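Peer 1: I'd like to ask some things about the structure below.
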Amino acid sequence: MSASTAQNSPPSAPEGAGSSGGSGGYGLSKPVFFFAGGIILLAVLFALLLPDVFNSLITTLNDTVVASIGWYYVLIVTAFVVFGIVIAVSRMGNIRLGKDDDVPEYSVFSWFAMLFAAGMGIGLVFWGAAEPLTFFADTAGPGVPPNAAALDDPVRAERALGQTFLHWGLHAWGIYVIVGLSVAYAVHRKGRPVSIRWALEPILGKRTDTWIGDVIDIIALVGTLFGIATSLGFGVNQIAAGLDHLGVLPNSTMVQVIIVLVVTALATLSAASGVDKGIKILSNLNMGLAALLLIAVLILGPTLFLLRDVVSNIGFYLQNFLQLSFQTLPFRGDDGASWLGSWTTFYWGWWISWSPFVGVFIARISKGRTVREFITGVLLVPTALTFLWFTIMGGTALYEAVFKGIDFTRGTGAIDPNTALFDTFANLPGGALLSGIAVVLVSIFFITSADSGAFVMDMIAHKGDPNPPRITRIFWASASGVIAASLIWVSSLSGDADASGMTALQSLALLSALPFSIVMIGMCISLWRSLSHEVKVIEKLELRLRQREFMERYTEEITDEVTDRVTGDIGDHVESHLEGPYGQQIQDQLNQQVEAQVAEQLSTYTAEHPAISLDGEAPAESTDPGSPEPGRPSGSGRRKSQDR
């Protein structure tokens with residue numbers, strides 16, 4: 001399905017927006033670019049030069065924060081989901097993200113493919129089988145939830161998929177909805193630049209384009225780059241494990257570094273080509289490959305079991321939604337806190353740290369859609385497909401574990417997330433082919449995450465320019481890959497993956513979620529103010545329109561009815577008074593007045609014309625010599641007399 005031609009003209013910049021370079025007043029924001037770059041550079045140098053110290057410091061700090069405010073993350077993320085649903089079902093959902101007559105720039109398929117690839121791509125493939133298996137069988141670490149460890153295998157398997165649905169379902173996409181909708185409204189409806197700060201304009205006002213706005217964009221930029229770099233590390237590990245599983249290349253540090261550099265080069269080319277070419281084409285290709293892999297596993301795996309499992313899992317999720325949403329495990333003690341910090345609150349912080357990247361990107365590609373379409377598309381459709389993905393991939397793995405007795409831990413009690421998917425495919429017909437498709441799929445997801453991330457980071461660094469310069473897009477795409485490759489190389493020198501700084505950088509990305517969660521609360525307040533105000537204006541206009549239509553429709557009808565009624569009543573009243581003696585008296589008075597007026601008019605006329613008398617006789621003759629003799633009529637008079 002082809003996408004409609006994109007309208008790439010940037011919105012007009014607001015007052016106060018920078019004017020240095022770029023079209024429409026856009027240009028490089030030096031405070032944002034250099035402060036963000038400095039923080040990233042210092043963190044990477046710290047991780048490279050003192051990996052053990054850096055890893056210990058940041059991880060300890062992150063664990064302390066997560067353990068202290070885990071309840072806050074659980075509460076606020078659920079509130080984001082409720083907030084989005086309330087807006088979607090209210091009249092606010094009718095407002096269009098753009099002018100009232102704007103149409104979507106991209107087709108539904110292309111739009112969904114791009115937002116899905118950017119939001120969940122690598123993670124779905126990486127954790128598709130690994131996370132349900134971990135919640136079912138991993139006893140070596142905080143894998144199996146403390147409240148599910150004593151359950152029978154079938155019940156624990158069902159619980160494992162339900163817990164996975166919680167982490168990847170409505171809550172994850174609800175976070176993206178808040179950021180994406182806030183930015184999309186500011187950009188497409190209000191004509192502001194594509195940047196996080198402008199989503200808070202209803203609160204910040206004139207301070208939006210000051211150092212306060214710079215701090216907001218710096219937090220978003222740093223969190224995005226760290227998030228992408230660590231995510232690329234996950235992707236590289238799985239690609240290398242897949243190639244090793246297929247016997248193509250051994251899994252070594254050198255292979256991983258080469259993979260990072262090659263994929264980063266491809267991502268850089270895609271980022272340089274822009275949204276409408278590289279990113280859109282790769283996203284559509286990815287969706288096709290993902291659908292092919294999903295259908296193949298469904299057919300080659302336990303088909304009937306998986307179809308039944310889809311329905312059962314949705315029911316379990318809906319039935320336990322509230323309980324899972326507010327799950328903090330307070331009576332499980334340290335085990336509960338440790339597990340929650342390793343999984344649920346870890347995921348909420350992870351999604352929040354990624355939300356500037358995903359939110360800005362889907363806002364950029366969502367012009368012309370209504371608020372309701374945006375929330376429905378971003379919240380429900382990806383969630384439904386995510387459930388389908390985890391049911392087929394994770395459900396197949398759990399089926400093999402429960403009904404075939406396969407031990408995916410290999411006796412260690414731990415699930416290796418890098419190889420869990422390939423181990424699952426190994427037990428299916430055509431497992432090698434499925435593994436090959438999965439490797440290609442992860443690689444393309446790798447590229448789309450890196451290039452769309454570079455695009456978003458460059459928009460933020462250039463004061464919200466929706467079409468930032470190509471050279472800086474290349475810089476951000478290259479930077480994320482170089483960071484990942486550098487950390488992998490340090491890992492080989494230390495001999496300990498955790499000492500590489502990769503885990504510490506991931507923790508740093510999660511730490512950036514704490515201040516950004518406060519920014520998201522501000523986005524909710526700003527969005528509610530703006531949308532509710534616009535609804536009130538629309539209601540006033542609709543009221544005036546209804547009043548005008550009422551007047552135009554009923555004024556003539558009411559006027560005619562009143563006129564007929566009044567005229568009829570007066571006529572009846574006069575007629576009733578003209579009957580009887582009183583009426584005869586009025587008639588006589590009228591006749592007398594008429595006779596008097598007629599006599600008065602005749603008298604006046606006779607005085608003005610003396611040749612005519614009231615009795616019909618001729619007047620006396622004149623004695624004037626020049627006139628006929630007195631008493632004798634003139635010639636004409638004699639002739640008239642003779643004639644008579």
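The values are calculated or read from the model by the stated rules, or taken from the named source; none is laboratory data. Nothing here was measured: the structure is a model prediction, and the numbers come from that model. All Cβ positions, even for glycine, are placed from backbone atoms using ideal geometry, and neighbour counts span all protein chains on display. When the accessible area is computed, the model is the full protein with side chains, heavy atoms only, and any ligands, DNA or RNA have been set aside. Shrake-Rupley method; radii C 1.70, N 1.55, O 1.52, S 1.80 Å.
Peer 1: Counting only protein heavy atoms, what percent of the accessible surface of region 36-194 is carbon or sulfur at a 1.4 Å probe?
Peer 2: Solvent-exposed carbon and sulfur of region 36-194 make up 68 percent of the total.
Peer 1: Based on the mean of other beta carbon atoms within 10 Å per residue, what is the order of 387-396, 338-347, 142-151, 529-538, most packed first?
Peer 2: Highest-to-lowest ranking by the protection proxy: 387-396, 338-347, 142-151, 529-538.
Peer 1: Please report the equivalent ellipsoid semi-axes of region 273-425, computed as sqrt(5 x eigenvalue) of the Cα gyration tensor, largest first, in whole Å.
Peer 2: They are 30, 24, 17 Å, listed from largest to smallest.
Peer 1: Spin-label point model (7 Å from Cα, Cβ direction): what's the Leu269 to Arg546 distance in nm?
Peer 2: Going by the 7 Å Cα→Cβ label model, 6.0 nm.
Peer 1: Let me ask something else about it. Take the alpha-carbon centre of region 182-216, take the same for region 383-459, and report the distance between them in whole Å.
Peer 2: Taking the Cα centre of region 383-459 as reference, the centre of region 182-216 is 38 Å away.
Peer 1: So if the hydrodynamic radius of region 50-112 is defined as the Kirkwood radius over C-alpha pairs, what does Stokes-Einstein give as its diffusion coefficient at 10 °C and 1.306 mPa s, in µm² per second?
Peer 2: This corresponds to a translational diffusion coefficient of 98 µm²/s.
Peer 1: Can you give the Kirkwood hydrodynamic radius for region 142-272, in Å, rounded to one decimal and based on Cα pairs? Mind dumping the intermediate values first?
Peer 2: Values: mean 1/r = 0.0523 Å⁻¹.
Mean inverse Cα-Cα distance, inverted, gives 19.1 Å.
Peer 1: Can you list the residues of region 414-433 with backbone N under 16 Å from a point 7 Å past the Cα of Leu300, pointing along Cα to Cβ?
Peer 2: Taking a point 7 Å out along Cα→Cβ of Leu300, the residues of region 414-433 whose backbone N falls under 16 Å are 420-433.
Peer 1: Work out from phi, with θ = phi - 60° and the Karplus expression 6.51 cos²θ - 1.76 cosθ + 1.60, the ³J(HN,Hα) of each residue of region 421-430, listed in order in whole Hz, and give x for Gly and Pro.
Peer 2: 5, 5, 5, 5, 5, 4, 9, 10, x, x
Peer 1: I would also like to ask the following. For region 349-396, give the percent of accessible area contributed by carbon and sulfur heavy atoms, probe 1.4 Å, rounded to a whole number.
Peer 2: Here carbon and sulfur together make up 73 percent of the probe-accessible area.
Peer 1: So what is log10(I(q)/I(0)) for region 335-443 at q = 0.19 1/Å, when the Debye sum runs over its Cα atoms only?
Peer 2: Each listed q corresponds, in turn, to -1.18.
Peer 1: Students often check this: by mean Cβ neighbours within 10 Å, which of 354-365, 53-64 ranks highest, and how do the rest follow?
Peer 2: Taking the mean over residues of other Cβ atoms within 10 Å, the ranking is 354-365, 53-64.
Peer 1: May I pose another question? Where in region 64-88 does the amide nitrogen come within less than 20 Å of the point 7 Å from the Cα of Arg529, taken along Cα to Cβ?
Peer 2: 80, 83-84, 87
Peer 1: Around Thr370, which amide H atoms from residues at least 5 apart in sequence, or from another chain, sit under 5 Å from its own amide H, with H modelled in the peptide plane?
Peer 2: Those qualifying (amide H under 5 Å, at least 5 residues apart or on another chain) are Leu97.
Peer 1: Summing Lys, Arg as +1 and Asp, Glu as -1, what charge do residues with Cβ under 14 Å from the Cβ of Gly413 carry, Gly413 excluded?
Peer 2: Taking every Cβ under 14 Å from that of Gly413, the sum is -2.
Peer 1: Let me ask something else. So, for region 195-265, what is the accessible surface per residue at a probe of 1.4 Å, expressed in square angstrom? Walk me through the intermediate numbers first.
Peer 2: Numbers: 2550 Å² over 71 residues.
Result: 36 Å² per residue.
Peer 1: If each Cα of region 32-191 is one equal point scatterer, what is log10 of I(q)/I(0) from the Debye formula at q = 0.09, 0.15, 0.20 Å⁻¹?
Peer 2: With one equal scatterer per Cα and no solvent, log10 I(q)/I(0) is -0.51, -1.19, -1.33.
Peer 1: If we count every other residue with Cβ under 14 angstrom of Arg529's Cβ, Lys/Arg +1 and Asp/Glu -1, where does the sum land?
Peer 2: +1
Peer 1: Can you compute 3J(HN,Hα) from phi for each residue in region 520-533, using the Karplus curve 6.51 cos²θ - 1.76 cosθ + 1.60 with θ = phi - 60°, rounded to whole Hz and x for Gly and Pro?
Peer 2: 5, 4, x, 4, 4, 4, 4, 5, 5, 4, 5, 5, 5, 5
Peer 1: Tell me which chymotrypsin sites (Phe, Trp or Tyr not before Pro) from region 285-320 have a DSSP coil assignment and no more than 12 other beta carbons within 10 Å of their own.
Peer 2: none
Peer 1: Out of the total accessible area of region 412-475 (probe 1.4 Å, heavy atoms of protein only), what percent is carbon and sulfur?
Peer 2: 70 percent
Peer 1: Determine the per residue accessible area of region 376-481 with all protein chains present and a 1.4 angstrom probe, expressed in square angstrom.
Peer 2: Values: 3120 Å² over 106 residues.
With all protein chains present, region 376-481 gives 29 Å² per residue.
Peer 1: Could you derive backbone 3J(HN,Hα) for region 98-103 from the dihedral phi with the Karplus parameters 6.51, -1.76 and 1.60 (θ = phi - 60°), listing whole Hz in sequence and x where the residue is Gly or Pro?
Peer 2: Result, ordered by residue: x, 5, 4, 9, 6, 10 Hz.
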